[in-house]
Every structure is written in structure tokens, then in C-alpha cells.
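Let me begin by presenting the structure, written as C-alpha cells, before commenting on it.
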Ligand SMILES: [Ca+2]
Ligand SMILES: [Ca+2]
Ligand SMILES: [Zn+2]
């Protein structure tokens, strides 16, 4: 069902041609992992909010939310913008493996987690680019768990995900739970919009699932600078992809991110796929470009995240 590690690595680093070359036979059936899984698609409230796909991925982008939730997310309640750095988010890492962690592996992961926290905080502090906006959010590592379970390590949305989260999730809507595992099909990570999972007894589904090797020092090449967690946390705070709704005016519901027709990969300088003013926001954390290319949130995104926090998470 899963591609081998080598194949997955080729998929992540080799681009579209490698998907075909490295075994369409094993990649294509497993494409159900993210978006095409019938169980996931059939039940809107279980659909991953949004993922981050590596170039060449055959996984489909899932729906952000059903039409019944559109009102809630498109017209989010306008609240007073929280001051920069005023919200500290307790952050817990759940490390998954298919074999017992050796002391050396644990030490390596701990180093990567520490580096990841720096990347996350720099990214939400506006320190990663000259025109990057600061945000209300800072993140504090409050715990790390270590679990050996091969089904949870080779994670995909659905039953194993539920079992894993029921067993491991801690805190309330203010706590960021990060599950560092392995994911097939060039899916780097996925998470859920706030609120969607904090109603109807589904709180336990909240959190970010990502490939552990996306952390700084990982072995995924262009995708190992830690920006997958930055991106997924953006979704956790109700940000949509910058390419959402293509060139349509509503786009990602953020005014200062220029519209773009498609997800961009690599780092296509000067791309301009919509006639609306502004080049494609290829440097935005909410596009699909490689880690060395994405380096900023806009003030409008910071405001939307602030509003989402007040509306959906601040009260736990
Ligand atoms: Ca926009
Ligand atoms: Ca344009
Ligand atoms: Zn995404």
C-alpha cells in the first residue's frame, strides 16, 4: 500500500517525472491516502482541511470545507487585532516510529524539534523576510511523546488517524498537537480548520500531521527547512491556500495576497497567473513552493489568524 521510503524520497525530490519513473504502480493506488479516500470524502467533517503537497504529488487537494461552513469561514467575525506576540501556543510533539527509538535517533529528533520551534517562531514573528508580517502568535514546546506503532507511523486520514489522536492528543483548542510521522504520496502534512473539529465531540481530531523529516535537518531536501509546520499551522489558524478559488475575487479571503490561478512549486520568480494586480504570492507560506522560497505571511493573513483565534480557539 505504501511506497517505500526510497520511492517516496524520489517522489519528493525528483519532481513529476519521478512519479512515473519511480513506480506509478505503487504510487497511484496509494493516492487515496489524502484526498480520494472514500471514507474521508464521504464525510465532510472528516475531510482534512488542507494539506501541503510536494511537487509531483498525485494526491488531490481536499475540499477546504462544505458549503454549510462557508459562511463561518468566509465571513469570519471581525475582532480587534491581537497585539504581536500576545498569544503563546503550547506545542506538543508526538513522535511516531515503526521501531523502537534508539538513543541516537531520539537525540537527533530532539535537535530537529528544537530547530523546528525556532523556524516556527521566526516565521510567525515576521523575521523571515523584509516584507513579512509579525503575528500575535508564538509557540512554546511543552511536551514530546514517543510512540512505536507502525500503523500510526505510516499515517493516513481515517481510522488509524482517529485511533492515534484519541490516544495521544493533549490540551484543548489552544494547544497545538503535532504528529510527526510518515505520509505517502508526496503529502507533506495536513491539518484542520479550527472549530470544525472542536464541535460534536471531535476535539481530538485537532492538530497537525506531518512528515517528521520535514523538520530542519531532515532528509527531504527542498522540503526539510521546517516550513511544512509553518504552513499547516496557518491552516490550523484558518488560513487558506493563496491559490484558493484561483483568480476569482474572493480568492483566499485575504485582501493583500494577490490572486493566483494555480499552486506554485519550486520558486518561479515573476509568475503572474491572474490578471488582477500583483505577482503570484510565491513567497507566501500558504503556497506550495519549496521551503527556501516561502518566507512570509501578509498583514491580512495575520489579521485573519487573529480573528480565527478569537472566534474559535481563545476560550479553549
Ligand atoms: Ca487574496
Ligand atoms: Ca496578477
Ligand atoms: Zn496546505
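Within the range 113-126, is even one residue touching a strand residue (DSSP E or B) at 6+ places or on another chain (Cβ under 7 Å), farther than 30 Å from residue 58 by Cβ and free of Cβ contacts under 8 Å to residues at least 24 places away in the same chain? The answer is yes, given that some residue of the range 113-126 is touching a strand residue (DSSP E or B) at 6+ places or on another chain (Cβ under 7 Å), farther than 30 Å from residue 58 by Cβ and free of Cβ contacts under 8 Å to residues at least 24 places away in the same chain.
Listed here are the residues, each with its yes/no results for (1) under 10 Å from the mean Cα position of the chain (by Cα); (2) crowded, with 22+ Cβ neighbours inside 10 Å.
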site	(1), (2)
212	no, yes
219	no, no
234	yes, yes
237	no, yes
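Could you grab me the full set of residues in the range 228-258 that are without any contact (Cβ under 8 Å) to a residue 40 or more places away in the chain, under 28 Å from residue 138 (Cα atoms) and out of contact with any helix residue (DSSP H, G or I) (no Cβ under 9 Å at 6 or more places or on another chain)? Listed by number, the residues that qualify are 251, 258. The helices (runs of 4 or more DSSP H) found entirely in the range 1-116 include none that carry 1 or more residues being surrounded by 20 or more Cβ atoms within 10 Å (Cβ to Cβ) and modelled with pLDDT of 95 or more.
Quick one: is residue 276 surrounded by 19 or more Cβ atoms within 10 Å (Cβ to Cβ), within 16 Å of ligand 2 (Cβ to nearest atom), farther than 30 Å from residue 218 by Cβ and more than 18 Å from the chain's Cα centre (by Cα)? Considered against the rule, which asks whether it is surrounded by 19 or more Cβ atoms within 10 Å (Cβ to Cβ), within 16 Å of ligand 2 (Cβ to nearest atom), farther than 30 Å from residue 218 by Cβ and more than 18 Å from the chain's Cα centre (by Cα), residue 276 comes out as no.
Counting only residues that are within 14 Å of ligand 1 (Cβ to nearest atom) and more than 19 Å from residue 235 (Cα to Cα), the range 276-299 holds 5 of them. Scanning for something buried (at least 18 other Cβ atoms within 10 Å of the Cβ), under 22 Å from residue 290 (Cα atoms) and in contact with a helix residue (DSSP H, G or I) (Cβ under 8 Å, 6 or more places away or on another chain), does the range 165-178 turn up at least one residue? Yes, some residue in the range 165-178 is buried (at least 18 other Cβ atoms within 10 Å of the Cβ), under 22 Å from residue 290 (Cα atoms) and in contact with a helix residue (DSSP H, G or I) (Cβ under 8 Å, 6 or more places away or on another chain).
When 266, 200 are screened for being at pLDDT 95 or above, more than 14 Å from ligand 3 (Cβ to nearest atom) and part of a loop (DSSP other than H, G, I, E, B), only 266 passes.
Taking first residues from the range 292-316 that are on the phi > 0 side of the Ramachandran plot and partners that are surrounded by fewer than 23 Cβ atoms within 10 Å (Cβ to Cβ) and part of a loop (DSSP other than H, G, I, E, B), the Cβ contacts under 6 Å between residues at least 6 apart in sequence or on separate chains come to 316/172; 316/173; 316/174. Of the residues in the range 182-196, not one is at pLDDT 95 or above and farther than 25 Å from residue 265 by Cβ. Of the residues making up the range 257-273, those that are closer than 16 Å to residue 231 by Cα and within 16 Å of ligand 2 (Cβ to nearest atom) are 257, 263, 264.
Residue pairs whose Cβ atoms lie under 7 Å apart, separated by 6 or more positions or on different chains, with the first residue in the range 271-284 and within 16 Å of ligand 3 (Cβ to nearest atom) and the second outside any loop (DSSP other than H, G, I, E, B), are 283/296; 284/296.
Candidates are the residues of the range 285-311 that are surrounded by 24 or more Cβ atoms within 10 Å (Cβ to Cβ) and more than 27 Å from residue 77 (Cα to Cα); the one that is nearest to ligand 3 (Cβ to nearest atom) is 288.
The values are calculated or read from the model by the stated rules, or taken from the named source; none is laboratory data. Not measured: the values here are computed from a predicted model. Cβ atoms come from the backbone with ideal geometry, glycine included; neighbour counts cover every protein chain shown.
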